[in-house]
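The structure appears below as structure tokens.
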Amino acid sequence: MRAFTYERPADMATALTAIGKPGAKFLAGGTNLLDLMKVEAEVPQHLVDVSRLPLVDIAEENGGLRVGAMVTNSDLAAHALVRERYPMLSRALLNGASGQLRNQATTGGNLLQRTRCYYFYDSSAPCNKRAPGSGCSALQGYNRIHAILGASDACIAVHPSDMAVALAALDAEVEVQSAKAKRRIKITDFHRLPEATPQKETNLNNGELITAVILPPPPAGGQVYRKVRDRASYDFALVSVAALVDLDGERIRSARIALGGVAHKPWRALEAERGLVGATLSDDAFAAAGEAAVKGAQGRGHNDFKIMLAARTVARALTEAAQQRKA
Ligand SMILES: Cc1cc2nc3c(=O)[nH]c(=O)nc-3n(C[C@H](O)[C@H](O)[C@H](O)COP(=O)(O)OP(=O)(O)OC[C@H]3O[C@@H](n4cnc5c(N)ncnc54)[C@H](O)[C@@H]3O)c2cc1C
Ligand code: SF4
């Protein structure tokens, strides 16, 4: 690990000034950043520890919830209003990492965790994300965990967050603040596709701190988060689906579908959602939505299986969400 300096501001103003120092980076729970520093995939010169900032509240706001950026993944998953009104979010969080990690990991840090592509962590391997212009080892390498949607020839990595997939289905927003201004970014616009610049993963500007995640009023309908992984705990998604189905008798009034493990960002399957509106509840309708969700998907060899897996996981999650609504 390279040498770095460290400070722990007690207030926002000091933190937002400190991040202007050369090579500065925010540190929250440290569960991803410190690992990346150990393998020198990240080499900040200065750490601004924001873990003690007063951003730890979960509060009702305009019929929804405002979640402070320093709320831990454990506290968010266990919060009574989250469990009652946004169960897919609670399930997504509980499907991530381990109890110890969730106690330390924060809401803001979870959104900004970086890909688990093996080559990104291996400093001897070409990787456009870690060393722009060096190439992508995964394209011709072992790419079982990689993207099937929205990838580019520069990078086929996927975003690893479970929480962000549920937030995408819930139409959440991310509140960010710099020394000069505060703004909100739709979660679906927060992360970027890799295109030619995979090193730029979000639309955050330099010096912006995530201060909160804003959940709109809970949507009507049954909510499900389903994650498929190689082992039952402590593993990242091969494919995950956050699904929401609202019914009017036997007809589907509305549906939302977000996928994880398939793209460089949480992937909203809008065409599949539109195809379900007004359809009669049936296995065929959900199977068709699964197919629509993976339209245009491209496998890279080892990850070809993900296309069928994603289609089937979408259909299964929609079925479970509809069953909840009927129950
Ligand atoms: C073994 C293991 C298994 C895991 N399994 C899963 C899993 O299955 N699913 C899953 O979703 N996650 C999983 N994780 C990842 C874990 O959820 C993330 O590491 C964690 O959420 C990151 O939060 P943090 O607060 O520790 O962030 P940090 O490591 O402190 O920071 C991560 C990044 O966010 C930036 N940052 C942090 N807070 C802010 C802020 N408020 N504003 C601006 N920038 C900020 C930092 O600069 C850094 O770039 C796993 C991690 C490990 C180690
Ligand atoms: S997929 Fe992306 S992160 Fe992985 S080696 Fe290629 S450029 Fe690097």
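Annotations
- Some residue of the range 144-164 being outside any loop (DSSP other than H, G, I, E, B), in contact (Cβ under 8 Å) with a residue 12 or more places away in the chain and either of a type in the set (Asp, Glu) or over 30 Å from Gly221 (Cα atoms) (or both): no
- Among the residues listed as Ala255, Ala196, the single one being touching an Asp or Glu at 6+ places or on another chain (Cβ under 6 Å) and over 23 Å from Thr72 (Cα atoms): Ala255
- Of everything in the range 91-103 that is crowded, with 21+ Cβ neighbours inside 10 Å and out of contact with any strand residue (DSSP E or B) (no Cβ under 7 Å at 6 or more places or on another chain), the residue that is farthest from Gln324 (Cα to Cα) is Ala97.
- Tally, over the range 135-155, of residues that are of a type in the set (A, V, I, L, M), more than 22 Å from Leu270 (Cβ to Cβ) and more than 16 Å from ligand 1 (Cβ to nearest atom): 3
- Test: residue in the range 60-80 that is over 27 Å from Val241 (Cβ atoms) and over 23 Å from the mean Cα position of the chain (by Cα): yes
- Residues that are more than 15 Å from the chain's Cα centre (by Cα) and over 13 Å from Ala154 (Cα atoms), drawn from the range 186-211: Asn205, Asn206, Gly207, Glu208, Leu209, Thr211
- Of all residues in the range 99-135, those satisfying the criterion of being without any contact (Cβ under 8 Å) to a residue 40 or more places away in the chain and either within 12 Å of ligand 2 (Cβ to nearest atom) or assigned to a loop (DSSP other than H, G, I, E, B) (or both) are Tyr118, Tyr119, Ser124, Ala125, Pro126, Cys127, Ala131, Gly133, Ser134, Gly135.
- Strands (runs of 3 or more DSSP E) within the range 24-93 that include 1 or more residues closer than 30 Å to Ala317 by Cβ: 58-61, 64-68
- Qualifying strands (runs of 3 or more DSSP E) (wholly inside the range 189-305; at least 3 residues being β-branched (Val, Ile, Thr) and modelled with pLDDT of 95 or more): 209-215, 239-248
- Hits in the range 114-134 - residues which are surrounded by fewer than 19 Cβ atoms within 10 Å (Cβ to Cβ) and either basic (Lys, Arg) or away from ligand 1 (no atom under 16 Å from the Cβ) (or both): Arg116, Asp122, Ser123, Ser124, Ala125, Pro126, Ala131, Pro132, Gly133, Ser134
The values are calculated or read from the model by the stated rules, or taken from the named source; none is laboratory data. Source: prediction; values computed, not measured. Glycine gets a Cβ as well: all are built from the backbone with ideal geometry, and neighbour counts include every protein chain shown.
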